[in-house]
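The values are calculated or read from the model by the stated rules, or taken from the named source; none is laboratory data. None of these values were measured; they are calculated from a predicted model. We place every Cβ from the backbone using ideal geometry, glycine too, and count neighbours over all the protein chains shown.
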Amino acid sequence: MHFAAAVNLTKIDDRMVKAIMQEYKIHNCHVKFNGDYDVDDLIDTIEGNRKYVKCIYVYNKIDTISIEDVNELM
């Protein structure tokens, strides 16, 4: 297993990544982190059951406030 990180990791380390990969019986792989992710994020990625997006805004009754208020909420 080859492990690399483009950022400083505070929530996971290489030993934890290796242990998770062994648990999933993945022995020959390249793992690269482009963000400071945690164990749950790695497991969700391996299992492929979740997709993460940066942000979603959902407004209800948007016609009751001004555009300035919307920008302030963002």
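Points worth noting:
- The listed residues are N8, N60, N49, and the only one of them that is under 14 Å from the mean Cα position of the chain (by Cα) and exposed (fewer than 14 other Cβ atoms within 10 Å of the Cβ) turns out to be N49.
- Single match in G48, G35 (criterion: small (G, A, S) and at pLDDT below 90): G48
- Unmet criterion (only one of (1) loosely packed, with under 11 Cβ neighbours inside 10 Å; (2) more than 17 Å from the chain's Cα centre (by Cα)) for C29: (1)
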